[in-house]
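**Q** Handing you this structure, nothing more for now.
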Amino acid sequence: MTSQTDSILIVDFGSQVTQLIARRVRETGVYCEIIPFNIAGDVFERMKPKAVIFSGGPASVLDESSPRAPQQIIDSGVPILAICYGQQTLCAQLGGAVEGGHHREFGSADVEILNTSPLFEDVWKVGGQYPVWMSHGDRVTRLPEGFVVIATSPNAPFAIAADEKRHYYSTMFHPEVVHTPDGAKLLANFVHKIAGVEPSWTMAAYREQAIAAIRKQVGKGKVICGLSGGVDSSVAALLIHEAIGDQLTCILVDHGLMRMNEADEVVSMFREHYNIPLVLVDASEAFISALEGEADPETKRKTIGRLFIEVFEEEAKKIGGAEFLAQGTLYPDVIESVSFTGGPSVTIKSHHNVGGLPERMNMALVEPLRELFKDEVRVLGRELGLPDKFVGRHPFPGPGLAIRCPGGITREKLDILRQADAVYLDEIRKAGLYDKIWQAFAVLLPVQTVGVMGDGRTYEFVCALRAVTSVDGMTADFYPYDMKFLGNAATRIINEVRGINRVVYDVTSKPPGTIEWE
């Protein structure tokens, strides 16, 4: 859909943090796309980017079958920034040498700046030492002709190397991760000062382009959209409605696994505030009956996915005449689906989605958000006037409360969990912490403990509270609540939610490479 002319192509060699490169480039106001190395040559000819970035990757350049950069990109003359594995394959393809068996390096390191470079102009100074994040086994041991060493580190003698005459720049470390404090500035320098690309990627421009593209695709046809209450489907629905008005009908399937009052809030906003045609289907009885007593999490997801498809298909038939199906597909889903590393193309991340619609529905997809990351969707939501309560809503993957209730599901346990979760989020909002936390929710653990409440003994469930922070959506750490907050939240839950007599706080962090927290 995009008509951006000043763009950056990112060649993906399989790094788990390649998406972060794109996010950092987008943050500079420049459009970019991630393309697997094996089709990057063709995309390069079509896209005609102003510059190219080679990502890292898990392979070894020393293996004959390891990925290589398309030669036409290397020979094109456009500026190239090669990161980690990207540096290794660029140097190897230009006549340098890469060796294994040296000290592997995974973690923080300090680079010493030996020479000036526009890559870190106004950021780092010659003679200084600066922290970066390394993640490599092999390393370059001989540079190609024309390259000079710009920076070094104890285990990476060519931590930064460049051939500025041919516009080749390379780093052994990862500037895209938050663990390289100045990495975003280095990437901005590459985009603006080296590639000369001006910032033109804005949500206002994207909105106009998306509306025009939707009108062109849909024409006079009808579109149906499955609302979930989350930010992605809400923004997609608003954008499509702005483009084609009442040609859009939304369907909200209430499966009984939503958060407290969530269905009512969605109906109120879309029907009353935006006057968008919306069908509410109360299918909670069918879903909860099918899930009752089921403990296996994957079976829960598949059951929810199957039932959702059945209910949605039935309602779509009742509406009749719809030629298009709107989905809130995001750019990370697109990247995953075409990944050369074998990413699934039907259901992206089984823990996130609960199923795809069957081909027999014979509907063309309308996916107006497929070029956006999650944070960009939020910006677009604000551009469209979506209330902050919806724009900033914490992620809530499809299986909903079913996955936050480990063990066998019952109606009673879901009701207990829903109440506890509502109290917990209410305390977070009252403390002014909601927007500081990436995701927070309650979990009803599949254990019961003996407790004393007042003058009597109780035998009730344990509730776990989770809250994580994230800068990039790829890694996360637990939110450092003070004990006063935890005490207040726990006291309210125990006092107000019958069925819980103990509350614990989960301080688990999630490692790089995992997107959702479920």
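The values are calculated or read from the model by the stated rules, or taken from the named source; none is laboratory data. Worth saying up front: this structure is predicted, and the values here are computed from it rather than measured. Quick reminder, even Gly has a Cβ in these numbers, built from the backbone with ideal geometry, and neighbours come from all protein chains shown. These accessible areas exclude ligands, DNA and RNA; they are computed on the full protein's heavy atoms, side chains included. Shrake-Rupley method; radii C 1.70, N 1.55, O 1.52, S 1.80 Å.
**Q** Are there any helices in the chain, counted as whole DSSP H runs, that stretch 18 Å or more along their axis by Cα and score at least 0.5 on average by Kyte-Doolittle, and if so which?
**A** 231-244
**Q** Let me ask something else about it. How far apart, in nm, are the 7 Å Cα→Cβ label points at ARG492 and ARG271?
**A** For the pair ARG492/ARG271, the computed spacing is 2.9 nm.
**Q** Determine the equivalent ellipsoid of the range 1-147 by diagonalising the alpha-carbon gyration tensor, then write out the semi-axes as square roots of 5 times the eigenvalues, largest first, rounded to whole Å.
**A** One finds semi-axes of 24, 20, 15 Å for the range 1-147.
**Q** Express in Å², to the nearest 10, the accessible area of ASP163 obtained by rolling a 1.4 Å probe over the protein heavy atoms while all chains stay in place.
**A** Rounded to the nearest 10, the figure is 10 Å².
**Q** In addition: Mind jotting down a quarter of the surface of the convex hull over the alpha carbons of the range 21-69, in square nanometres, one decimal? Walk me through the numbers before you get to the answer.
**A** Numbers: hull surface 15.7 nm².
Result: a mean projected hull area of 3.9 nm².
**Q** Right, another one. Using 1/(1 + (r/R0)^6) with R0 = 51 angstrom and r between the beta carbons of MET453 and SER200, what's the FRET efficiency to the nearest 0.05?
**A** 0.25
**Q** Averaging sequence separations of C-alpha pairs under 8 Å and six or more residues apart, then dividing by the length of the range 1-160, give the relative contact order as a whole percent.
**A** Here the relative contact order equals 19 percent.
**Q** Now for a separate question. Provide MET47, MET453 ordered by accessible surface of protein heavy atoms (probe 1.4 Å), highest first.
**A** Sorted by accessible area, descending: MET453, MET47.
**Q** Separate question: Sort LYS413, LYS216 by heavy-atom solvent-accessible area, probe 1.4 angstrom, most to least. Write down the numbers at each step before the final one.
**A** Values: LYS413 25, LYS216 175 Å².
Ranked from most to least accessible, the order is LYS216, LYS413.
**Q** If R0 is 41 Å, what FRET efficiency do you get for SER289 and ILE39 from their C-beta distance, rounded to 0.05?
**A** 0.35
**Q** Taking only protein heavy atoms into account and a 1.4 Å probe, give the accessible area per residue of the chain in Å².
**A** With all protein chains present, the chain gives 42 Å² per residue.
**Q** Let me ask another. With only alpha-carbon atoms counted, please give the Rg and Dmax of the range 88-206, in Å.
**A** Over the range 88-206's Cα set, Rg and Dmax evaluate to 14.9, 51 Å.
**Q** Explain nothing, just the number: relative contact order of the range 393-449, from Cα pairs under 8 Å at least 6 residues apart, as a whole percent. Walk me through the numbers on the way to the answer.
**A** Numbers: 41 pairs, mean separation 27.7, N = 57.
After rounding, I find 49 percent.
**Q** Let me ask something else about it. Top to bottom by accessible area (1.4 Å), largest first, where do LYS436, LYS220, LYS125 land?
**A** LYS220, LYS125, LYS436
**Q** Translational D (Stokes-Einstein, µm²/s) of the chain at 37 °C and 0.692 mPa s when Rh comes from the Kirkwood sum over C-alpha pairs?
**A** On the way: Rh = 25.1 Å.
Using the Kirkwood radius from Cα pairs, D works out to 131 µm²/s.
**Q** Taking the DSSP beta bridges in the chain as the whole, what percent of them are antiparallel, to the nearest 5?
**A** Of those bridges, close to 45 percent are antiparallel.
**Q** If you take the square roots of the eigenvalues of the alpha-carbon gyration tensor of the range 419-459 and sort them as a ≥ b ≥ c, do you get rounded (a/c under 1.5), prolate (a/b over b/c) or oblate? List each step's numbers first, then the result.
**A** Details: a/c = 4.21, a/b = 2.12, b/c = 1.99.
Prolate, since a/c reaches 1.5 and a/b exceeds b/c.
**Q** Quick one: with all protein chains in place, what share of the accessible area of the chain is carbon or sulfur, to the nearest percent (1.4 Å probe)? Before the final figure, lay out each step's value.
**A** Details: 10840 of 21880 Å².
With neighbouring chains kept in place, the figure for the chain is 50 percent.
**Q** Suppose only helical runs count, i.e. DSSP H with n ≥ 4. What mean residue ellipticity at 222 nm does that imply for the chain under -39500 (n - 2.57) per run, divided by all residues and rounded to the nearest 500 deg cm²/dmol?
**A** -9500 deg cm²/dmol
**Q** I want to verify the translational diffusion coefficient of the range 354-452 in µm²/s; compute it with Stokes-Einstein, Rh as the Kirkwood radius over Cα pairs, at 20 °C and 1.002 mPa s.
**A** My calculation gives 128 µm²/s for D.
**Q** Same structure, new question: Can you give the relative contact order of the range 73-212 as a percent, counting alpha carbon pairs under 8 Å and 6+ residues apart? Spell out each step's value before the answer.
**A** Details: 263 pairs, mean separation 39.2, N = 140.
RCO, the range 73-212: 28 percent.
**Q** Count the DSSP beta bridges whose two residues both fall in the range 148-293, then state the antiparallel fraction as a percent rounded to the nearest 5.
**A** 45
**Q** Can you send over the solvent-accessible area of LYS484, 1.4 Å probe, protein chains only, in Å² to the nearest 10?
**A** 150
**Q** Extending each Cα 7 Å along its Cβ direction at LYS165 and PHE478, get the distance between those two points in nm, one decimal.
**A** The two pseudo-label positions are separated by 5.7 nm.
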